[in-house]
Every structure is written in C-alpha cells, then in structure tokens.
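What follows draws every value from the coordinates through simple rules; no lab data is involved. No experiment lies behind these values; they were computed from the predicted model shown. Neighbour counts are summed over all protein chains in view; Cβ atoms, including those assigned to glycine, are modelled from backbone coordinates with ideal geometry.
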Amino acid sequence: MRRRNSERLLLVLQWAGTLDHNLIARNFRIDSWDDRVLASGPEVKFASDFEKGTVELSGSRVIVITTEMFAALQRDLTRVLGAVGSTVLYVIGDSLGRSAFRLFRNGAGTDLDAWRELDSCFRMMGWGTLNSHMENDHDASTVTIGNSVFSDKTRSKQPNCDIVRGILRGWDNSSSGSPVRVQEVACIACGHHDCTFKLLKGP
C-alpha cells in the first residue's frame with residue numbers, strides 16, 4: 001500500500017482496548033509504507049493487515065482517517081446540527097480525554113508531568129504538539145497545540161476545535177478532580193500559527 005499524496009492521517013485509538021504505558025514514544029516517526037509495516041519507532045509498531053482488514057498500533061486496533069475526512073465530518077455535523085454539532089464534538093473529545101488519561105497517565109506526579117504525558121500522547125498519535133503554562137494565580141492555565149491535526153484542512157472565521165477543547169477538559173478534570181472550563185482563543189483554522197486554549201478552574 002502506497003500513499004498517493006502527502007495527506008496527513010488522523011489516528012484514533014480504540015480507547016476501550018488496552019495499551020501499555022511504555023508504548024508512549026516521543027520519537028515516533030513514519031519509516032515506510034508497504035503492505036505490512038507502516039511505521040515504527042522506539043517500542044511501537046504500526047502495521048496493516050490487508051487480508052484481515054485491520055490496522056494496529058502495537059497490538060491495539062486504530063481507526064485511520066485523513067484530515068480531509070475529519071474536516072468534512074466536522075463541517076457536516078455543524079451544518080446539520082448547528083450548535084448541537086459543536087457540543088457533540090466537545091462531548092466526544094471529553095470522553096477521549098478521560099479515556100486517554102486512564103490509558104496513558106503513568107503514576108503520580110505534578111500537573112506539569114500530566115501535561116507532558118498528554119503531549120507524548122498527542123505526538124505519538126500524530127495529533128500535534130502540546131505545551132502548557134500555568135498562570136500566576138494557579139486558577140488558569142494556557143495550553144498551546146502546535147501543528148494540530150484537527151485544524152489541518154479546516155478554515156473558519158471563529159475557533160472551532162471543539163473536540164480538542166473536550167480532550168483538554170476530560171484530561172484536566174481526570175487529573176485534578178476539579179471542574180474546568182476550556183476556551184479556545186486562537187486557532188490554526190483562523191490563520192493563527194497555533195491553537196491556544198485557556199483552562200479556567202470552576203464549573
């Protein structure tokens with residue numbers, strides 16, 4: 001199997017499965033595209049079995065769609081359902097964030113450690129890069145997503161990374177145990193360099 005263009009791929013783990021924490025690899029990279037092994041990196045293996053119709057990341061099945069497919073899905077949801085479509089994406093993201101925390105969070109540590117592990121998750125899945133900065137009052141923090149896969153083929157007049165807002169909320173709520181509100185203040189889809197989110201403690 002060969003890639004026909006440079007289309008970026010969006011990988012979504014089947015969160016109900018199991019994944020060893022040691023499989024988080026900061027140096028994950030694409031090596032080759034053939035009938036069996038699609039990518040590899042330290043302690044990870046991304047393989048496709050055409051006969052079985054499966055794609056796996058280190059033994060866990062994944063769903064692979066292009067960013068154009070995701071952008072079309074996002075557009076259709078908001079076109080058909082309006083604001084409800086944005087809410088659906090936000091709720092899906094929240095569920096992904098909570099599930100990712102259960103699978104990827106490796107032991108105790110500081111809030112910074114937790115965000116570093118989410119950064120590893122983003123990098124390994126090809127979702128982009130993540131940086132977190134705590135504000136002085138400790139009731140707010142800023143998270144920046146660079147090279148976000150969720151905005152790769154999207155153009156919008158307003159920030160629209162509802163699924164990422166949900167992921168960040170689900171992860172932070174699982175980590176801190178406190179309610180948090182997530183606002184997107186800059187978005188690649190709007191022409192900004194990165195997607196930037198403000199996390200505010202409170203309902």
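Worth pointing out:
- Electrostatic tally near GLY202: other residues with Cβ closer than 10 Å to its Cβ, Lys and Arg +1, Asp and Glu -1, net +1.
- Ranked by how many other Cβ atoms sit within 10 Å of their own Cβ, fewest first, the residues ILE188, ILE65 fall in the order ILE65, ILE188.
- If R0 equals 22 Å, the separation of the Cβ atoms of SER60 and HIS193 corresponds to a calculated FRET efficiency of about 0.10.
- Residue exposure sequence - LYS201, LYS153 - by fewest surrounding Cβ within 10 Å: LYS201, LYS153
- Built amide H within the under 5 Å cut-off of THR66, gap 5+: LEU10
- Estimated FRET transfer efficiency (LYS201, LEU73; beta-carbon r; R0 30 Å; 0.05): 0.40
- The distance linking region 53-106 with region 126-203 is 15 Å (Cα centroid to Cα centroid, whole angstrom).
- ³J(HN,Hα), Karplus 6.51/-1.76/1.60, whole Hz, each residue of region 78-86, x for Gly, Pro: 6, 5, 7, 9, x, 4, 5, x, 5
- Within-10-Å neighbourhood charge of ILE145 [Cβ basis; K, R +1; D, E -1]: -3
- Residues TRP127, TRP171, arranged from fewest to most other Cβ atoms within 10 angstrom of their Cβ, appear as TRP127, TRP171.
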